[in-house]
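Presented below is the structure to which this report refers.
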Amino acid sequence: MSISLILCPFIAVIVSAALYTVALPDLGWWLAAFVAWTPLLVVLPNLRKRSAFFAGWALGTLSHLGIFPWISHTAQTMSNFSPAAGAVILVLFALLHGLAWGVTALGIRTLSEGKQGIGYVVTTAAIVSAVEFVNPQLFPWHLGNVFWRVPILMQGVEITGIAGATFVAVAFGAALAAILKRGGGAVRGAVFAVAILVVWVAYGVVRFDQVEKEVSQAPTARLALVQPDVTAADRLEKGFEAKVHVIEMEIATTRSGDLEGVEAIIWPEGAFVTTFPTNLQGQAIVSQRVAMTLLRHIRGALRTFDKPLILGSVTKPDAETVHNSAIMISPKGSIERQYHKRRLLAFGEYMPFSDLFPGLKGLVPRVTDMTPGSHAEVFELGPAKAMMSICYEAIHPEFTRQAALSGGGNMILNLTNDGWFGDYGAPGQHLMVQAPRAVELRTSLVRVTQTGITAVISPSGKIIVETGIHEKRTVTVDVPLKEPKSFYLSFGPVFAWLCVLAVATMIVFRTLMFIKRRRVLDV
């Protein structure tokens, strides 16, 4: 009995989905990524094309259900949805995002037909990498992200971007599938896949050592990263005293740290728990009183600390404009710099299509109507020149690359609040998809969060600092300063576009061959 009959499509989908799920945080069994596609690839040639699409869709749906259960939690805590409604939202999210996996499976089934050995391996890996790259995801992630805790496997992304890591993993899985199917050229395909992996690892070993030596000789800036553990429940508490209590928690957590020689104190996104009083026009009088009282508390603490402070807050420069902002306050209490978040989170900071259909605004509780900022900002913190980003922005490789190309920075500073997403899955996954920015651009990533995970990633990809979930702590860390410089910075996602071009070429070729055969049959 052949392996294809034993490993039926139903079991193959479940096993592949399970492998995908355990590869990502919180479990983080990254070795599973090398074989995540293998079970489905074994049975795919035996399926009709329509069945291949549905098998891929099922794989994508089950994987998203396993990876993103926190979507339901977020809907409940942020927007007061019932558990049943939260579950429905999760299922719809998984079904929608699973469609791209159906397209991937259909593409592999169609374009790899008749291919063996190296051709099959390359085609499969290129399709997965290409679809990952062009797929419009709410929370963008790639299979290659799972290697974020293994710096040696991340070094190549300075050339290929994260698509290269995906390609290497899928190529290995495709070669293993070919061997299990006992297809022609399977040995050649396996040798090719192993050779790619060996080159990838060898490059990683060499480059990790080189970059670590560069980092050891680089200047540093001492920063105090404050994780106050202000939870979603704390933020939802209403009333003046509750807001003062949050600020006092942040100040007390800051005092608990070692501030000797620190260039700046960093608080996370949303640390200022009401609209920041930079411009109070159009705000209610009670809001003015609360905001000014909170700011007086902060200014009093800063006189004691004698350090500048960066914090996250909502700002409202006029009656019509609301920003998610990072604000730099001097030791004397003056507002030095502001950065307004430019890449907003759908269904959190704005409602999609609300410009076309204004009735959507305010339809879902706590889904705001924010205005994106217009330009990048660099905050100077002694020798550090911090390229600012807020939360979701650092997920996006091209967004961060463009910020780096604007010039002047020697580290990335990201303020985040993951408190809405719960304690499981989301905090680790959010860090997982941000961490590659350090290697892609060869500059440090400093990430400061409300409830965890606060972290510093070296330009080599090494994790310098990592806090726990709900750890109330101020971390004092010497951050290596290195101006971004890499092939990826200069040329962007060339490798991913090559995968897209290769797949598009294969589609055109297959289409032309189909048309030619039809004409012959018609004659």
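For T511, work out the one condition from (1) farther than 25 Å from G408 by Cα; (2) assigned by TED's automatic domain parsing to the domain that holds F399 it doesn't fulfil.
For T511, the failing item is (2).
What are the residue pairs meeting all of these: first residue in segment 11-35, first residue surrounded by fewer than 16 Cβ atoms within 10 Å (Cβ to Cβ), second residue assigned to a helix (DSSP H, G or I), Cβ atoms under 6 Å, and 6 or more apart or on different chains?
D26/G428; W29/V22; W29/A23
In segment 186-301, which helices (runs of 4 or more DSSP H) lie fully inside it and hold 2 or more residues that are closer than 20 Å to E466 by Cβ?
Ranges flagged: 186-216, 240-255.
Kindly establish whether T451 is β-branched (V, I, T), assigned to a strand (DSSP E or B) and either under 20 Å from A224 (Cα atoms) or assigned by TED's automatic domain parsing to the domain that holds F399 (or both).
Taking the combined requirement at face value, the residue does not satisfy it.
Has segment 331-343 got any residue that is in contact with a helix residue (DSSP H, G or I) (Cβ under 8 Å, 6 or more places away or on another chain), surrounded by 13 or more Cβ atoms within 10 Å (Cβ to Cβ) and more than 30 Å from R255 (Cα to Cα)?
Within segment 331-343, one or more residues are in contact with a helix residue (DSSP H, G or I) (Cβ under 8 Å, 6 or more places away or on another chain), surrounded by 13 or more Cβ atoms within 10 Å (Cβ to Cβ) and more than 30 Å from R255 (Cα to Cα).
Name the residue that is farthest from T220 (Cα to Cα), counting only residues in segment 490-499 that are surrounded by fewer than 19 Cβ atoms within 10 Å (Cβ to Cβ) and not aromatic (F, W, Y).
Initial filter on segment 490-499 (surrounded by fewer than 19 Cβ atoms within 10 Å (Cβ to Cβ)): 490-492, 494, 497-498.
Filter once more, keeping what is not aromatic (F, W, Y): 490, 492, 494, 498.
On the way: S490: 24, G492: 27, V494: 32, L498: 37 Å.
Residue satisfying both the conditions and the ranking: L498.
Step by step: first the residues of segment 157-185, then only those that are over 18 Å from the mean Cα position of the chain (by Cα) and not in a helix (DSSP H, G or I), then the one that is surrounded by the fewest Cβ atoms within 10 Å (Cβ to Cβ). Which residue is that?
The residue in question is R182.
Looking at K385 and the list (1) among the charged types (D, E, K, R); (2) in a loop (DSSP other than H, G, I, E, B); (3) within 20 Å of G461 (Cα to Cα), which single condition is not satisfied?
Just one mismatch for K385, condition (2).
If I ask for residues that are of a type outside the set (S, T, Y), surrounded by 14 or more Cβ atoms within 10 Å (Cβ to Cβ) and out of contact with any helix residue (DSSP H, G or I) (no Cβ under 6 Å at 6 or more places or on another chain), which ones from segment 202-213 would you list?
Listed by number, the residues that qualify are R207, V211, E212.
Give the residues of segment 329-353 that are under 26 Å from A403 (Cβ atoms) and over 25 Å from the mean Cα position of the chain (by Cα), sorted by residue number.
Within segment 329-353, I329, S330, S334, I335, E336, R337 qualify.
Being farther than 20 Å from L413 by Cβ, surrounded by fewer than 19 Cβ atoms within 10 Å (Cβ to Cβ) and at pLDDT 90 or above: is that true of K361 here?
no
Looking at L481, L445, which is the one that is out of contact with any Leu (no Cβ under 7 Å at 6 or more places or on another chain) and over 28 Å from I247 (Cβ atoms)?
None of the others qualify; the one that does is L481.
The values are calculated or read from the model by the stated rules, or taken from the named source; none is laboratory data. Quick caveat, the model's predicted, so the values are computed rather than measured. Methodologically, a virtual Cβ is constructed for each residue, glycine included, from the backbone with ideal geometry; neighbour enumeration extends over all protein chains shown.
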